[in-house]
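*Asks:* Dropping the structure in here first, questions after.
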Amino acid sequence: SFPVTDVNLAEPGAYGALGWTAYGNSKLANILFTKELHRRLRKAGVSNVLVNAVHPGVVDSELPRNLSINFYPLLRILGQLITNEEGARGQTRLCLGSAPFETVSGAYIAEMASRGKKGEHELFDSSAQSNDVGLQRAFWDESCRLTGSKWNVLEASTQTEQQLSEMNV
């Protein structure tokens with residue numbers, strides 16, 4: 001289960017035997033925060049801001065230097081690694097509002113090499129845990145507590161988009 005009150009992994013054993021628990025939780029945290037931010041933006045009447053969580057893919061990078069087991073050579077043989085450019089493609093398309101992501105918000109977008117579409121990014125169903133609204137809210141609250149962030153503008157659901165735009169939100 002996701003350690004909402006131990007996101008810094010201070011508890012003994014929280015990091016997991018090989019670090020994969022921590023890695024997986026960090027990815028889940030990105031999705032939880034994104035989905036909650038999307039929900040709060042819409043509740044506040046902000047529809048011109050799009051937020052998404054993106055998995056760039058398994059980019060042929062220096063990540064394995066910190067792993068206890070380097071599985072990259074196998075992924076390279078299987079053709080599952082992608083270049084930096086291929087990994088950046090999804091984020092770039094989202095930032096530019098390129099098709100098919102012009103109006104997508106609150107979603108999880110993943111690179112599809114594992115499905116035979118190397119370097120392509122598509123909407124992807126995230127885990128049931130990432131879609132747990134209670135967990136999204138709890139993680140949001142804990143994130144705000146840890147960072148001291150207030151996000152007061154999102155609580156003002158009666159403000160119009162124009163007012164928010166004038167505030168440079």
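*Asks:* Please compute, over every Cα-Cα pair in the range 19-75, the percentage with a separation greater than 15 angstrom.
*Replies:* 63
*Asks:* Next question, about the same structure. What does the helix-only formula give at 222 nm for the chain: each DSSP H stretch with n ≥ 4 adding -39500 (n - 2.57), the total divided by the residues, and the result rounded to the nearest 500 deg cm²/dmol?
*Replies:* -12500 deg cm²/dmol
*Asks:* Let me ask something additional. Rolling a 1.4 Å sphere over the protein heavy atoms, what is the accessible area per residue of the chain, to the nearest Å²? Don't jump to the answer; show the numbers that get you there.
*Replies:* Values: 10140 Å² over 169 residues.
On a per-residue basis, the chain sits at 60 Å².
*Asks:* Moving to a separate point now. Considering only protein heavy atoms and a 1.4 Å probe, what is the carbon-and-sulfur percentage of the accessible area of the chain?
*Replies:* About 52 percent, which is the carbon plus sulfur part of the accessible surface.
*Asks:* What fraction of the Cα pairs in the range 102-141, stated in percent, has a spacing above 15 angstrom?
*Replies:* When every Cα pair of the range 102-141 is considered, 54 percent fall beyond 15 Å.
*Asks:* Mind checking which lysines have their C-alpha under 20 Å from K150, skipping anything on the same chain fewer than 8 residues away?
*Replies:* K35, K43
*Asks:* With Rg and the Kirkwood Rh both taken from Cα atoms, where does Rg over Rh land for the chain?
*Replies:* Radius of gyration over Kirkwood radius for the chain works out to 1.01.
*Asks:* Give the value in nm², to one decimal: projected area of the alpha carbon convex hull of the range 1-100, averaged over all directions.
*Replies:* 8.8
*Asks:* For Y108, Y23, Y72, give me the order by solvent-accessible area with a 1.4 Å probe, most accessible first, ignoring ligands, DNA and RNA.
*Replies:* Putting Y108, Y23, Y72 in descending order of accessible area: Y23, Y108, Y72.
*Asks:* Also, I was wondering about something else. Kirkwood hydrodynamic radius, the range 60-156, all distinct C-alpha pairs: what's the number in Å?
*Replies:* 16.5
*Asks:* Right, something else. When DSSP beta bridges are limited to those with both residues in the chain, what percentage is antiparallel, rounded to the nearest 5?
*Replies:* 45
*Asks:* Can you put S1, S143, S68 in order of accessible area, largest first, using a 1.4 Å probe?
*Replies:* In descending accessible area the options line up as S1, S68, S143.
The values are calculated or read from the model by the stated rules, or taken from the named source; none is laboratory data. The shown structure was predicted, so the numbers you read here are calculated from the model rather than taken from an experiment. SASA here: full protein model, heavy atoms, side chains in, ligands and nucleic acids out. Shrake-Rupley method; radii C 1.70, N 1.55, O 1.52, S 1.80 Å.
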